[in-house]
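Here the structure comes first, spelled out in structure tokens, and everything after it is commentary.
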Amino acid sequence: MTRIQPEEQDVEDTFKPLSAEQVAELRKRLPLLSIWRVLGVQALLGLLVAGLVWLISGRVAAVYSSLYGALTVIIPAALFARGLTSRVSALNAGAAVFGFFLWEMVKIGLTVAMLFAAPRLVSDLSWPAMLAGLVVTMKVYWVALGFRKVFYPVSPT
């Protein structure tokens with residue numbers, strides 16, 4: 001088996017570090033996604049779903065079920081966001097990767113635990129209403145990728 005040798009090229013010619021002005025311009029054009037705004041929109045949509053469930057069903061138990069479904073997404077996501085924005089995660093790349101996986105496992109575990117606890121915590125649980133609250137708040141992650149003006153912070157110019 002023959003190996004293809006890489007082309008000889010000078011690495012210094014292909015890589016040019018950005019200046020401070022170029023970095024500032026890049027950050028202005030491509031701001032970071034604010035996880036706290038995503039959580040805020042999730043909470044808002046959870047309340048909106050609860051209002052729609054109230055209008056459709058008129059049952060308080062269904063409203064509580066939809067709110068619990070939204071909280072099943074929001075509470076673990078808030079814990080995940082808090083864990084990722086801690087100082088420990090910013091120490092180095094290895095700590096950031098380990099922290100990401102650790103907090104993702106905590107988020108998944110807490111979500112599953114909250115779903116298992118739902119019949120005990122919400123009296124007269126309405127599964128369709130709870131799933132509606134859960135799915136709508138979970139889909140905010142996908143919506144955040146499309147609506148830049150809502151989720152991405154505006155830098156003062």
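Values in this text are rule-based calculations from the coordinates and carry no lab data. All values reported here derive from a predicted model rather than from experimental measurement.
Full extension from Leu91 to Arg37: what is 0.36 nm times the residue separation minus their Cα-Cα distance, to one decimal in nm?
17.0 nm
Using the Kirkwood radius built from alpha carbon pairs, what does the Stokes-Einstein equation give as D for region 34-147 at 37 °C and 0.692 mPa s, in µm² per second?
Values: Rh = 14.8 Å.
Calculated translational D: 222 µm²/s.
Output ³J(HN,Hα) for region 58-70: one whole-Hz value per residue in order, computed from phi by the Karplus curve 6.51 cos²θ - 1.76 cosθ + 1.60 with θ = phi - 60°, and x for Gly and Pro.
Working through the residues one at a time gives x, 9, 5, 4, 5, 5, 4, 5, 5, 5, 5, x, 5 Hz.
Out of residues 5 or more away from Arg59 or on other chains, whose amide H comes under 5 Å of its own, with H placed 1.01 Å from N in the peptide plane?
none
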